[in-house]
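Peer 1: Below is the structure I would like to discuss, written out as structure tokens.
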């Protein structure tokens with residue numbers, strides 16, 4: 001499973017496959033094209049807007065972005 005609190009911003013398509021829980025907000029398709037593709041296949045995908053988690057993440061957006069180990073990172 002995967003759990004995340006805060007913002008998830010995706011330039012292209014986001015493929016959700018597995019047990020996933022997001023508290024905050026998720027935006028995909030920011031660079032155009034397909035935004036979200038979901039393959040539930042018996043898994044639980046729980047996406048819940050949480051204004052407090054979004055506000056906490058937004059306060060940290062003023063600092064330079066840092067790479068999260070095990071993820072893809074690009075500087076614009």
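Read-outs throughout are calculated quantities, based only on the coordinates presented, and are distinct from any laboratory measurement. What you see is a predicted model, and the numbers here were worked out from it, not measured in a lab. FYI the Cβ positions are ideal-geometry reconstructions off the backbone, even for glycines, and counts take in every protein chain you see.
Peer 1: Using a basic spin-label model with each label point 7 Å from the Cα along Cα→Cβ, how many nm lie between residue 13 and residue 44?
Peer 2: For the pair residue 13/residue 44, the computed spacing is 2.7 nm.
Peer 1: Compute the distance in nm between two label points, each set 7 Å from the Cα along the Cα-to-Cβ direction, one at residue 21 and one at residue 55.
Peer 2: Using points 7 Å along Cα→Cβ, the separation is 2.3 nm.
Peer 1: Also, I was wondering about something else. Rounded, prolate or oblate for the range 2-62? Axes are the square roots of the Cα gyration tensor eigenvalues, ordered a ≥ b ≥ c, and the cut-off for rounded is a/c under 1.5. All intermediate terms of the calculation are to be shown ahead of the outcome.
Peer 2: On the way: a/c = 2.89, a/b = 1.28, b/c = 2.26.
Taking the square roots of the gyration eigenvalues as a ≥ b ≥ c, the range 2-62 is oblate.
Peer 1: Note the full-extension length gain between residue 30 and residue 4 as 0.36 nm times their separation in residues minus their Cα-Cα distance, in nm to one decimal.
Peer 2: 7.4 nm
Peer 1: At a 10 Å Cβ-Cβ cut-off, how would you order 8, 20, fewest neighbours first? Before the final figure, lay out the partial values.
Peer 2: Values: 8 14, 20 17.
The order, fewest Cβ neighbours first, is 8, 20.
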